[in-house]
1. Residue by residue through region 147-164, which ³J(HN,Hα) values in whole Hz follow from phi under the Karplus form 6.51 cos²θ - 1.76 cosθ + 1.60 (θ = phi - 60°), with glycine and proline marked x?
2. Can you spot the aspartates and glutamates whose alpha carbon is less than 20 Å from K203's alpha carbon? Ignore those fewer than 8 places along the same chain.
3. When the Karplus curve 6.51 cos²θ - 1.76 cosθ + 1.60 is applied with θ = phi - 60°, which whole-Hz ³J(HN,Hα) does each residue of region 227-232 get, with x for Gly and Pro?
4. Quick check for me: using +1 on Lys/Arg Cβ and -1 on Asp/Glu Cβ, what's the dipole size of region 184-237 about its Cα centre, in debye to the nearest 20?
5. Helix 129-141 versus the longest principal axis of the chain: what is the Cα-based angle in degrees, 0 to 90, to the nearest 10?
6. Treating the beta-carbon of each Lys and Arg as +1 and of each Asp and Glu as -1, no other charges, what is the dipole magnitude of the chain about its Cα centre, to the nearest 20 debye?
7. Could I have the simple spin-label model distance between Q149 and A164, label points 7 Å from Cα toward Cβ, reported in nm to one decimal?
8. Can you list residues from other chains, or at least 5 along the same chain, whose modelled amide H is less than 5 Å from the amide H of S193?
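The values are calculated or read from the model by the stated rules, or taken from the named source; none is laboratory data. These numbers were taken from a predicted model, which means no experiment stands behind them. Heads up, the Cβs are rebuilt from the backbone with ideal geometry, glycines too, and the neighbour counts pull from every protein chain shown. Just so you know, the surface numbers come from the protein's heavy atoms only, side chains and all, with ligands and any DNA or RNA stripped out. Shrake-Rupley method; radii C 1.70, N 1.55, O 1.52, S 1.80 Å.
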Amino acid sequence: MAAGFDPSGRLPDVFANAGTSSFTAFLSKVAPEMLPGRRALPPGMAADLAPHATTIVAVAASGGVVMAGDRRATMGNLIAQRDIEKVHPADAYSLVGIAGAAGIGIELMRLFQVELEHYEKIEGAMLSLDGKANRLASMIRGNLGAAMQGLAVIPLFAGFDLAAKEPTRAGRIFSFDVTGGPYQETGYDAIGSGSLFAKSALKKRYRAGLSVDDAVRLSVEALYDAADDDTATGGPDLIRRIYPVVMTATAEGTHRLTDAETSTIAESVVAGRMENPGG
């Protein structure tokens, strides 16, 4: 661990010398106890001690990618939070969504944002999309001990690949297993307890070459179907006006749909299901 400030007030050498482009690697040397996976946990399972975030979907579109997440967090059979936000920008051209232990997931997501920003400042260039996925994979791997005690975090990562030869195929999606294995997905993917139902909906309706607007609508419909069968997934709450978080990553960068935009789509989906419950 780094020594503290000396009486002169000078920063320790580890802060003043050029170091690694990985903020996580830097933190593991300077203050390893601050990394989520390095904290000592009491023996036994801890899964019931923290809220869990659930369903995230991602859909590749012509010219980008869409990611959407429901707003519910649960503890056992109780709703712990109705308006948690699980989808965030990772950097200017990529998105990350979290499922699993909510607190550790949010911390890991913020650490990943710093990791990408730190790399850009040290190297003067942005990581490739594959490089970002690999950095996230190593961070998940570092949380394996907590995952084995029931505090697993499984993110979904997606972004616009600036190096893609065909702009229509620049929207890419990566999933991960609990050991950090990264896998590129084709077309769409979902994570969390409602993912089985969301992917079933996407499987029937997804078509290659969707526009971004169509992919947004498809994502909201998939979350609706997940909420219809999974109690841990929250559907559009028209009474409290709580709607899914929907974000896009395109050549213009990342963008979050406003609540007004999302509410229009969600209310249209609900109205459609009143006429045809099966979608």
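1. 4, 5, 9, x, 10, 6, 10, 10, x, 10, 10, 8, x, 8, 7, 5, 9, 5
2. D70, E185, D189, D213, D214, E221, D225, D228, D229, D230
3. Working through the residues one at a time gives 5, 5, 10, 10, 5, 7 Hz.
4. 280
5. Long axis of 129-141 versus the principal axis of the chain: about 70 degrees.
6. 300
7. Placing both labels 7 Å along Cα→Cβ, they lie 4.1 nm apart.
8. Amide H neighbours of S193, under 5 Å, 5+ apart: T55.
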